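Each value in this text was obtained by applying a stated rule to the coordinates, not by laboratory testing. None of the values given here were measured: they were computed from a predicted structure. Here the Cβ positions follow ideal geometry from the backbone for every residue, glycine too, while neighbour counts run over all protein chains shown.
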Amino acid sequence: MKARAVAAALLLAALAAPAHGQAPAPAPPAPSPPAAEAARWELRVGHSYSSPRALTQPATAVLEQEKGEPLYSVLDAGALLRGSLAPRGWVELGLRAHAGSARPPRRRVYGAMARAYGELDPLLVAVGGEYLADGNFDVRQPAATLEITALGGAPGLGTWVSPGLRLRWRPWLGLSWGSGLRPYGRLAAELASGRVEAGLEATGWLVQGSAVAFLQGDVSVRLVGGLFLTASGEAGRAAPRFEPDGRLGVGLGFRLNVPL
Amino acid sequence: MRRKDDLGHRWTEGGVERAVIRIVRRLSPGWARRRITRRTRLHTELGWDEWYVLRVARPVRAALHETLDDRLLLNAKTVGEIVVMVWARMAAA
């Protein structure tokens with residue numbers, strides 16, 4: 001078996017400082033919303049836009065070299081722009097790429113989406129549109145989506161199980177309407193301990209009467225700022241082709257959060 | 001200085017702070033009351049994910065009679081920022 005050197009490449013960027021403090025209200029306070037409530041947008045860079053966990057998962061870039069072969073790359077990255085258009089709801093615009101020369105074009109995935117959210121405590125509801133395509137744009141899948149999740153109410157749902165067990169999870173149930181009506185579910189779980197973070201995201205669809213699933217996970221060690229050493233893997237059948245796939249790799253990861 | 005909520009009830013900033021901390025404590029049952037202060041970080045200390053903070057909205061409406069903007073809540077990083085957010089929405093008494 002050929003030896004495979006996994007040489008990480010990439011950059012970058014310290015996590016932007018939170019700096020979301022709301023300015024104290026001027027005295028005397030105005031009855032209308034204060035200036036601090038003016039629309040604010042933020043840009044987030046992470047692994048994907050598919051779930052909360054995916055957006056805290058570092059984007060990863062890996063370079064692979066096999067003897068006698070060209071240098072291959074694997075890139076999993078996404079970006080999300082979030083802002084508010086209404087007082088009780090907000091929107092997200094996202095892009096993601098599951099690409100790199102180590103993946104044949106049919107296994108690459110490019111996606112774009114727009115979503116609007118509303119909080120209907122105890123539920124969070126999201127409606128949106130998503131466009132997925134494979135690397136050659138042979139398979140293109142535009143779809144409208146409806147997703148819900150419970151904000152909380154069970155141990156570990158949305159918050160650490162306990163101070164000593166930093167494990168949390170969140171389920172999403174969705175309906176996708178594009179080439180037919182397609183129900184799906186997604187479960188994201190994450191575990192944190194010191195500088196180490198681990199995440200798992202499982203998605204299952206009902207495609208033409210058959211259940212298909214895709215699983216992805218990562219273990220990351222924070223090096224400095226938004227830079228991580230990340231081992232990530234995936235298995236199963238991912239949209240839009242729903243063909244069997246699997247990968248395991250180690251590389252550098254990064255996360256970025258920029259208030260605009 | 002006192003301010004009024006949407007039902008006309010009068011609050012001090014300290015009263016708002018205590019009410020918000022009670023709400024946060026109920027949403028993080030594993031944490032001792034004394035460990036929750038204005039400086040407590042919602043995400044990194046209490047482990048709230050980005051959506052969980054929205055659970056604050058309903059009890060704030062019930063106890064403090066103020067309606068918070070979802071997006072502002074999503075941007076809150078500490079208990080103190082929620083206190084400031086609620087206090088800023090109250091009108092001069």
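Overview of results
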| item | result |
| --- | --- |
| Label-point gap, in nm, between A:GLN208 and B:ALA63 - each point 7 angstrom along Cα→Cβ | 5.4 nm |
| Most mobile listed residue (B:ALA63, B:ALA32, B:ALA76) in chain B, GNM with C-alpha springs under 10 Å | B:ALA32 |
| Rounded tilt (10° steps) of B:13-27 against the dominant C-alpha axis of chain B | 40 degrees |
| Global geometry of chain B, whether rounded, prolate or oblate, following the gyration tensor of its Cα atoms and the 1.5 cut on a/c | prolate |
| Shielding by partners - mean other protein chain Cβ count within 10 Å, residues of B:38-46 | 1 |
| Two-decimal Rg to Rh for the protein assembly as shown - Kirkwood Rh, Cα set | 1.01 |
| Shielding score for A:207-218, defined as the mean number of other chain Cβ atoms within 10 Å | 0 |
| Shape of the stretch A:134-177, Cα gyration tensor, a/c cut at 1.5 | oblate |
| DSSP-loop trypsin sites (Lys or Arg not before Pro) across the stretch A:171-260, with at most 12 other Cβ within 10 angstrom | A:ARG195 |
| Helix B:79-89 vs. chain B, principal-axis angle (Cα, 0 to 90°, nearest 10) | 20 degrees |
| Rounded if a/c under 1.5, otherwise prolate or oblate - the stretch A:154-260, Cα gyration tensor axes | prolate |
| Shielding by other protein chains, A:93-105, mean Cβ within 10 Å | 0 |
| Calculated [θ] (222 nm, deg cm²/dmol) that DSSP helices of n ≥ 4 give over the protein assembly as shown, each run adding -39,500 (n - 2.57) | -3500 deg cm²/dmol |
| Contact order relative to length of the stretch A:134-255, as percent, for alpha carbon pairs under 8 angstrom and 6 or more apart | 16 percent |
| Length-normalised contact order of chain B in % [C-alpha pairs under 8 Å, at least 6 apart] | 40 percent |
| Order of B:LEU42, A:LEU123, B:LEU73 - criterion: other Cβ atoms within 10 Å of each residue's Cβ, fewest first | A:LEU123, B:LEU73, B:LEU42 |
| Check: the protein assembly as shown dipole with +1 on Lys, Arg Cβ and -1 on Asp, Glu Cβ, in debye | 940 debye |
